[in-house]
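Q: This structure is in structure tokens; I'll ask about it shortly.
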Amino acid sequence: MTIIITKIISKARQLVDLEMLDMILFSLSSLYLSIFAVSKNTLNKGAYGSWLVLVLIAGMACLLIKHASSKLLIVSVAVSSYYAVANSYITLAINKNNSRFTISNRTIQDMLLSLAALVSLLILGVLLKKYLFKKDYQSNRGIQVILLSQAFSVLTLNSSLFKTVIKQNDYWPLDSQSNLVSLNLFKYSFCSYMLTFVVYYLIVTAFIEVLSKRWGLRLALVTSLFLGIIFNYFIQAGITAYGDFHGAVIIPGATLFQVLVLTLFFVLVFLLINNYIIALFVNTVIGALISIVNIEKYKQRSEPLLFSDLKWIKEIKFFLNYISLTQIISIILILVLSGLLIYVLYKRYFREKILSALYLRLMSIGSILLVFASILFVFSQNKDGEIKKGIPVLSSVYNVFDIDWYGLTTNARFQSLSFVWFKQVTTSTINQPSGYSKSAMQKIYQKYQARAADINKQRHQRISDQTVIYILSESFADPARISGVQLAKDPIAEIHHIMETTTSGLMTSDGYGGGTANMEFQSLFGLPKYNLNPTVSILYSDVFPKLKFSPAISNAFSPKDRIALHLASANNYSRKIVYNKLGFETFIATEDSVDKPKHLVRMSSSYSDESTYDNILDQLNPKRSQFFSVITMQNHGPWYTELRDVDVSLAGLDQSETDSLQSYVNLLSITDKSTKAFLSALEKVDKPITVVFYGDHLPGFYPDQVFKNDEEVKYLTDYFIWSNHQTNKLARPRVNSSDFTSLLLEHTDSKVSPYYALLTDVLDTRNSDDSQLTAAQKQVASDLKLLEYDLIEGKGYINAYPDFFKMK
């Protein structure tokens, strides 16, 4: 009996030793093939020659056949499918800005042949054991998993996708190494091999758990990675614009960064809900919504979905304007049916928790939050546009050539949307200008106090002695400026006539298809957006709460004579909070306000301009000097009207865009007539009244190709300043929205404060090319930036001189 037991133990040891030897040989072969792949793709040579590679591949194939099993075969098919989809979507994401890129048939064939060869080896192993050897060699499950995981690692590291990834590597440079087995080559190869091995080990074990009907943490991790890869593509595809930047179609590491961020987020949702099927549904809905909203926002405004936009979730009614009733019903039906399906699956198959132990779950959640906090910390430590060098992935994505001045859309396109979100949260609103100090602000006060005194010697009026009406006309911009637009007649003939007789011109907008609140902010406060960091999105939410003092033109009027009017929700863009802090005692809005409009006539997707004008006339008091801040809504998208007073055409539009253009142009015609009637009514009022009328941005339905030869037109709208008591036409052909108050004061011959003396000098440089500015004009621009920084991020030194902002 003892002899039998001894033989059994000896045989078992021999078996274990053989399996361990198989695993070691397979692992060493896999590592060598990884080094071979890296060296061949970077140096166009394979270390030690290709003949050894063939020997190793043959040996690995034999080991796979030896350890094959039916279950391993099923898992390999599932992992192959996972690999094929993930590989394709990552490849597409990396090349999305490359107009010449297509996934070639050769690439697809190579990938499918590699996967087919691997699966075929396992099929051969199963068949040999069943029909030739007549017995099934029962390999250790752990050994099987390790071998299969390493096999997929080798396939990945020899794929065309990995060739692209290697070329983007700047952490361990390989192209400058003369020694084939240099330290960088080994480190890069080994880390790539280990990383892919760990990933595939999780994938393989997760699918094995699925076969056992277990829905645990590994499956949640693998699913999160898959969702991260898929939604990374759809998010980035929504903001695609073909072309490179400094030779790169995407910044090295950007795709990896966003995939990791999305993966961690999805894992976090899995852990918070702690049920696989419910969390999968929630993650899919979140990913789909972000992708869809990002696409739609980019279509409308040429701007991606930003972190600051998330505050609009509570204003769901605003977004419903962009969705048809059919779409709403479809979405509701899909969600309801999906919810019912998820409920049934949950009840029958997915009751298991992802993690049963509460402490493990909390530790896992805490770990993910710590990673996000670490990224935020690293980003917050940026200096002069760069973070600390040598941080894997983060440094390569962050520390690139300066593209910030191109704006958030370019950042998102080349560095990923999630990068922009992190940067937006961690970047200051405005960088500290050189020379900023308490004494510098004192000098600015003294300089412009004297400048105001000089200007006021030539001015005779006070703006507080008349009524001022600021009218932001939603999406108002002459369509005749757009290349290719054919109009049967001028849709804004009356306004063009007005512009010929009074101060008027073009306004440079900061946005396309959107940005209303930013134009409104700049016109009220005189603080230009161009001095701020590109990560700033909405001035009312990103800048206004930080102001040490609010230098609004409305301060020149009594609080009871300050009136805001907007035929939409008062909460949009936090306007209710803003106007309340500015001391407006009256805010007329259709929702979320105490004061309600008396006149409401539906027009297109909102209310007519005539309704807005009638509500202004109701509030006019000839015995008081009032200030009105008015935002119209008639020409807000989507656009539709049955009126066809003006025919218009533009080649290259689809039917939806053609309908939008046709409706929009005819809505402008209605605005034209309503504005003429409104000004005629003001002429009859026995009180000096001045109207500042301007369009905030172009509508967002024009295709990009119409701006191909003149990008500037994309950001030009029309403005005029009109008075009922005088005719004055100043030559100001091009202005910024932040110039309106200084221009208003000039138009009305009104005295200025030191602050508006500065803005008047800024206005005088507006139509000069930056390269042609004199030293004095450059100093004026510098003074404004110092002041803007002091008010927003600085110490507020200017508040020591309260008369700096007071009108004379």
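The values are calculated or read from the model by the stated rules, or taken from the named source; none is laboratory data. Not measured: the values here are computed from a predicted model. Positions of Cβ are backbone-derived with ideal geometry, glycine not excepted, and every protein chain shown enters the neighbour counts.
Q: What is the one condition in (1) in contact (Cβ under 8 Å) with a residue 60 or more places away in the chain; (2) under 24 Å from GLU683 (Cα atoms) that SER611 does not satisfy?
A: Condition not satisfied by SER611: (1).
Q: Also, quick follow-up: Could you list, in sequence order, all residues of region 721-763 that are acidic (Asp, Glu), in contact with a helix residue (DSSP H, G or I) (Cβ under 6 Å, 6 or more places away or on another chain) and under 15 Å from ASP454 (Cβ atoms)?
A: Within region 721-763, just ASP761 meets the criteria.
Q: Another question, then. When you go through SER782, SER723 one by one, which is the residue that is surrounded by 15 or more Cβ atoms within 10 Å (Cβ to Cβ), over 29 Å from the mean Cα position of the chain (by Cα) and farther than 30 Å from HIS460 by Cβ? Step through it out loud before you land on a result.
A: On the way: SER723 fails: farther than 30 Å from HIS460 by Cβ.
Checking each option against the conditions leaves just SER782.
Q: Considering each of TYR664, TYR573 in turn, give the residue that is modelled with pLDDT under 95 and either surrounded by 15 or more Cβ atoms within 10 Å (Cβ to Cβ) or outside the structural domain of ILE471 (by TED's automatic domain parsing) (or both).
A: It is TYR573.
Q: Residues in region 748-768 that are outside any loop (DSSP other than H, G, I, E, B) and buried (at least 22 other Cβ atoms within 10 Å of the Cβ): how many?
A: Result for region 748-768: 8.
Q: Among the residues of region 785-808, write down those that are surrounded by fewer than 16 Cβ atoms within 10 Å (Cβ to Cβ), at pLDDT 95 or above and not in a helix (DSSP H, G or I).
A: Once the filter is applied, which keeps residues that are surrounded by fewer than 16 Cβ atoms within 10 Å (Cβ to Cβ), at pLDDT 95 or above and not in a helix (DSSP H, G or I), region 785-808 yields LYS795, GLY796.
Q: If LEU730 satisfies all but one of (1) outside any helix (DSSP H, G or I); (2) among the hydrophobic types (A, V, I, L, M, F, W, C); (3) under 18 Å from GLY511 (Cβ atoms), what's the number of the condition it fails?
A: (3)
Q: Being surrounded by fewer than 16 Cβ atoms within 10 Å (Cβ to Cβ) and not basic (Lys, Arg) is the filter here; which residues of region 620-639 pass it?
A: ASN621, PRO622
Q: Sticking with this structure for a sec: On the basis of being among the charged types (D, E, K, R), assigned by TED's automatic domain parsing to the domain that holds PRO528 and in contact (Cβ under 8 Å) with a residue 24 or more places away in the chain, does ASP803 make the cut?
A: Answer is no for this residue.
Q: Go through region 767-779 and give me each residue that's under 13 Å from ASP739 (Cβ atoms) and modelled with pLDDT of 80 or more.
A: Across region 767-779, there are no qualifying residues.
Q: Scan region 706-748 for residues that are small (Gly, Ala, Ser) and touching a residue at least 40 places away in the same chain (Cβ under 8 Å) and jot them down.
A: Within region 706-748, SER723, SER737, SER738, SER742 meet the criteria.
Q: When region 571-594 is examined, which residues are found to be part of a strand (DSSP E or B) and of a type outside the set (S, T, N, Q)?
A: PHE587, ILE588, ALA589, GLU591
Q: Mind counting the residues in region 364-382 that are surrounded by 12 or more Cβ atoms within 10 Å (Cβ to Cβ) and part of a loop (DSSP other than H, G, I, E, B)?
A: Going through region 364-382 one residue at a time, the tally reaches 1.
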